[in-house]
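Let me begin by presenting the structure, written as structure tokens, before commenting on it.
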Amino acid sequence: MYMKNILAAALLIVLFASCKKEVSDLPPETQTGANTFGAKVNGETWVPQGFGPFPANNLLEARRIGGNVIINARNFSKSPRETEFEFFLKNVYSTGVYNLNTTSGYPTQGSSYGYYVKRNLTPTNEFMTSATHTGTVTITRLDTINFVISGTFQFTAADIYGSDPPITVSEGRFDIDF
């Protein structure tokens, strides 16, 4: 019994010691459907991650509904605090630059937006692009036969509650199957 307890404790130590994976490099800019996403948030590298050795479903997904594109990327590595990016791009029919410059107050499919949220079960901070805090998403590949969308992004976003200063997202890139 004593040996089982020691083994279980050792397993837990190894498990939780491997929980936090530090990432310092952004994924390369590709257009192959590599299922990658990354950006700098206020200068710090951000990529989708699960919690420790446990993979999480749907860390990265892109959907195309009609001519609209929705991209979600999630990071659970600092659980219970998690972060997520969401982009909604309206009327995407070809490669090109899509502006994130309309105020909607809260994510809605009425206009294109960039959104970043921090939460502990419920949102603690929600940042969104607007007419004053703008950005762009540049689609470099939109392949509706092989279902691949690739591109780059950058934006500034304000906390929708006004409690935190705006964030700057730079060097963003994605290459996703949809």
- With the condition kept exactly as written, say whether any residue in the stretch 57-79 is open to solvent by 50 Å² or more (accessible area, probe 1.4 Å), over 18 Å from Tyr115 (Cα atoms), modelled with pLDDT under 85 and charged (D, E, K, R). yes
- Message: Being open to solvent by less than 50 Å² (accessible area, probe 1.4 Å), of a type in the set (Ser, Thr, Tyr), touching a strand residue (DSSP E or B) at 6+ places or on another chain (Cβ under 6 Å) and assigned to a loop (DSSP other than H, G, I, E, B): is that true of Ser130 here?
- Response: no
- Item | Hits in the stretch 103-118 - residues which are among the aromatic types (Phe, Trp, Tyr) and open to solvent by 60 Å² or more (accessible area, probe 1.4 Å) | Tyr106
- So which of Leu121, Leu89, Leu142 ends up being crowded, with 20+ Cβ neighbours inside 10 Å and either at pLDDT below 95 or closer than 22 Å to Ile65 by Cα (or both)? Leu89
- Query: So Leu100 clears everything in (1) in contact with a Lys or Arg (Cβ under 9 Å, 6 or more places away or on another chain); (2) open to solvent by less than 10 Å² (accessible area, probe 1.4 Å) except one condition, right? Which one?
  - Reply: (1)
- Task: Scan the stretch 141-149 and give yes if some residue there is assigned to a strand (DSSP E or B) and among the charged types (D, E, K, R), otherwise no.
- Result: yes
- Message: Tell me yes or no: at least one residue of the stretch 170-178 is closer than 23 Å to Gly67 by Cβ, in a loop (DSSP other than H, G, I, E, B) and in contact with a Lys or Arg (Cβ under 6 Å, 6 or more places away or on another chain).
- Response: yes
- Item | Qualifying position, being farther than 16 Å from Val137 by Cβ, touching a residue at least 24 places away in the same chain (Cβ under 8 Å) and assigned to a loop (DSSP other than H, G, I, E, B), among Thr103, Thr83 | Thr103
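The values are calculated or read from the model by the stated rules, or taken from the named source; none is laboratory data. On a predicted model such as this, the values are computed, not experimentally measured, just so you know. All Cβ positions, even for glycine, are placed from backbone atoms using ideal geometry, and neighbour counts span all protein chains on display. We work out accessible area using only protein heavy atoms, side chains counted, and drop any ligands, DNA or RNA first. Shrake-Rupley method; radii C 1.70, N 1.55, O 1.52, S 1.80 Å.
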